[in-house]
Amino acid sequence: MENFVLDGTRMLIALGVGIVFLMIMILKTKIHTFLALIITAVFVGIAGGMPQEMVISAISSGFGSTLGSIGIIIGFGVMMGQIFEATGAAKTMANTFIKKLGVNKEEEALAITGFLVSIPIYCDSGFVILASLIKALSKASKKSIVSLAVCLAGGLVITHSLVPPTPGPVGAAGIFGANVGLVIIYGMIIAVPMLLAVLAYGKWLGNKIYQIPGEDGEWIRPAGGENLGAAEVKLDEELPSATKSFMPIIIPIILILLSTVSKALGVTGQASVFFQFFGTPIVAVAIGLLLAIFTLASHMERREVIKVMEVGIESAGIIILITGAGGALGQVLRDSGVGNHIAEIIKDLNVPHILLPFIIATIIRFIQGSGTVAMLTAASITAPIMASLNVNPVMATLSACVGSLFFSYFNDSFFNVVNRTIGIEDPKEQIRVWSITTTIAWVVGLVALLILNMIIG
């Protein structure tokens, strides 16, 4: 094993065939993405000429080291998300922004709500939770359900794709070895112009596709609609206070950012020890989870709370396995040295290095639909290459994340959730409602990524 020497051409061919093989397994067979990634890792290693013992060792170490850094965070994050869903905290956030922003600012309120809610909650769940709110707003204000839904869903999907502790970005950061705090900071910076673009498109589209909910559950399309002003939506159930609802999200983010900023500023002594410990992502998210348990879920029975969190653990399992498998494939590529070989080829091309994860994530997203799978697969394939090219791992992470937003359509579950929830049945309108929305976010995100990379890359 110590005398292993890479045949660059053979390994490159094996990688190309392996990627095609991976796509076929994900799209055309009943093999799960987790198993497909492991099979691909074995195939690429063996076909590329690596000793069998080296392949198995790389898979084991890659899987373990990747999950060692982010597996716990993903578990904590999804458990917290389930508590948000069960207690109605997400609805409280939406109501808070609607009241604060005032008349005719429903779209802005929903975009900001989605932007924050999707940090701990899956965007699919967040949209379903808030569906009754946007229907009530549309009915009362006579604003098109389309504009409200696009703004809410846009806010949800952007942070879901870019900002930890959402599982996809956390997993990609772990594979690239990026600082999670910096991914949060720069992810937020890139996400803001993306959100503004989606907000503008949502408002415009609401005038083109004007639809409101009727009294008996049907959908009404009048010739035109008059905006009657902001609506005060009253929900039947009792909801937690705004303070309780925001704390489990805001405090972990603040702790992580304080750790990152204090380290960058060279803070020393006991203050540094404090910031670095409590700002460790695992500790910070654990604090957020504890806050959610003892504030939001304080009125619930112990068994009920545990049951709610176990639902989150079940949903986290798949993401954790896929993330670990992506790390295993990445380790095989690292140990084989194929990343160095590809890096030498890329250096002679006129394509910016930062675009490689973006391009691969874009292709995978379009082919198989899942943004999380796209960013994690792109990360596992390109991490060794990015390291060889000395690309900033934070920028590489965000490159894969932005690429995963490309043109959501029928093979993406969120595409169907958004359109079906608001009664959009015509395929052309469905594409305008959601496929174009995500593509706008994708384009703006790419521009923001390239500008940010020029500044700090």
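Sorting check: for 398-405, 31-38, 77-84, which peptide has the highest mean count of neighbouring beta carbons within 10 Å, and how do the rest follow? Write down the numbers at each step before the final one.
Working: 398-405: 32.9, 31-38: 19.8, 77-84: 27.1.
The most tightly packed comes first, giving 398-405, 77-84, 31-38.
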Computed [θ] at 222 nm, helices only, for the chain once each DSSP H run of length n ≥ 4 contributes -39500 (n - 2.57): -25000 deg cm²/dmol
Label-point separation in nm, ILE56 to SER413, each point 7 Å along Cα→Cβ: 3.5
Within the accessible area of the chain (1.4 Å probe), percent carbon and sulfur: 63
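Shape of the chain from its Cα gyration tensor (a ≥ b ≥ c, root eigenvalues): rounded if a/c is under 1.5, otherwise prolate when a/b > b/c, or oblate? It would help to have the intermediate numbers written out before the result.
Details: a/c = 1.92, a/b = 1.51, b/c = 1.27.
Prolate, because a/c is 1.5 or more and a/b exceeds b/c.
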Protection proxy ranking, peptides 299-308, 184-193, average beta carbon neighbours within 10 Å, highest first: 184-193, 299-308
The range 11-51 versus the range 356-374: alpha-carbon centroid distance in Å: 16
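Can you work out the accessible area per residue across the chain, with the rest of the protein chains kept in place, probe 1.4 Å, in square angstrom?
Working: 18860 Å² over 457 residues.
Normalised by residue count, the accessible surface of the chain is 41 Å².
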In Å², nearest 10: area of PHE410 left accessible to a 1.4 Å probe: 100
FRET efficiency estimate (nearest 0.05) - Cβ-Cβ, ILE313 to LEU265, R0 30 angstrom: 0.20
With DNA, RNA and ligands ignored, accessible area of GLU85 (1.4 Å probe; Å², nearest 10): 80
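The values are calculated or read from the model by the stated rules, or taken from the named source; none is laboratory data. No experiment lies behind these values; they were computed from the predicted model shown. Neighbour counts are summed over all protein chains in view; Cβ atoms, including those assigned to glycine, are modelled from backbone coordinates with ideal geometry. Note: accessible area is taken over every heavy atom of the protein model, side chains too, but ligands, DNA and RNA are not part of it. Shrake-Rupley method; radii C 1.70, N 1.55, O 1.52, S 1.80 Å.
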